[in-house]
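Right, one structure below, let's go through it.
None of the figures in this text is laboratory data; all of them are computed from the coordinates on show. Note that this is a predicted model, so its numbers are computed, not measured. Cβ sites come from the backbone with ideal geometry, for glycine too, and all protein chains shown count toward neighbours.
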Amino acid sequence: MNDLKIDINPVKNIVNQFVDAVRATLQRNGSNASGDLSNSIKGTVKTSGKWIEISISLEDYWKYIEYGTKPHFPPIDAIRMWIDVKPILPRPLPNGKLPTKQQLAFLIARKISRVGTKAKPFLFNTLEKFNLEEVLYETVMEEINKKINEEIQNDLG
């Protein structure tokens, strides 16, 4: 029997479905303000000899959303950009005036410095619900079985 070259398109389809599910969870969590994180999520399937390599890549800051953060003082500029994208409606200050964007960014950063940020799991929850490892295993085994049956049929004439 020759080396089995299976069709990896079903595997690619599953990886794409998983990426779509992760994006949907991110959206449902309300953690997709700019869309940058969602747009950065990419699934890749490569073959090398007998191996199939599957990888998921996304922006590095995913972990801050997934796990939350401990108290820290975040960059004010990043908070200002987030305010622009979200958009945030400020509440009046004790003096009755609305804070400027710079003041609002400082107030939000100060709150994060006191309590951190809450975790909004989107990646590992989706991985668990999707049951990716098992689904991929079953799909690959199905493709291998198809290929073996084709080879047997070809050998039998």
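Values as computed for the structure displayed
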read-out	value
Point-to-point label distance, Ile152-Glu128, nm (Cα→Cβ direction, 7 Å offset)	4.0
Whole-Hz ³J(HN,Hα) from phi, Karplus 6.51 cos²θ - 1.76 cosθ + 1.60, for region 124-130, glycine and proline x	6, 4, 5, 4, 5, 5, 6
Trypsin sites (Lys or Arg not before Pro) restricted to region 104-157 and DSSP loop, no more than 16 other C-beta within 10 Å	Lys118
CD proxy at 222 nm, helix term only [per DSSP H run n ≥ 4: -39500 (n - 2.57); per residue of the chain; nearest 500]	-18000 deg cm²/dmol
Estimated vicinal HN-Hα couplings, Hz - region 29-42 in sequence order (Karplus 6.51, -1.76, 1.60; Gly, Pro = x)	5, x, 10, 10, 3, 8, x, 4, 5, 4, 5, 7, 6, 10
Sequence-distant lysines (8 or more away, or on other chains) whose Cα lies within less than 22 Å of Lys50	Lys5, Lys12, Lys146, Lys147
Rounded, prolate or oblate (a/c below 1.5 giving rounded, otherwise prolate when a/b exceeds b/c) for region 69-117 by Cα gyration tensor	oblate
Extended-chain gain in nm, criterion 0.36 nm per residue less alpha-carbon gap, Ser113 and Val85	7.9 nm
Sparse-neighbour loop sites [GluC sites (Glu not before Pro); region 51-157; at most 15 other C-beta within 10 Å; DSSP]	Glu59
Residue-span extension gain [Met141 to Ile56] - 0.36 nm each, minus C-alpha spacing	28.5 nm
Cβ-defined net charge surrounding Lys147, 9 Å radius [Lys, Arg +1; Asp, Glu -1]	-2
Which labelled figure in (i) 1.55; (ii) 1.04; (iii) 0.98 is Cα Rg over 2.2 N^0.38 Å, once derived from the coordinates	(i)
Label-to-label distance, nm, for residues given as Lys46 and Lys70 (7 Å Cα→Cβ offset)	3.5
All lysines inside 27 Å of Lys118 as judged from Cα atoms, apart from same-chain residues fewer than 8 positions distant	Lys42, Lys63, Lys70, Lys86, Lys101, Lys129
Around Gly30: net Lys/Arg minus Asp/Glu count, Cβ-Cβ under 12 Å	+4
Net charge of neighbours whose Cβ lies under 13 Å from the Cβ of Lys46, counting Lys and Arg as +1 and Asp and Glu as -1	+2
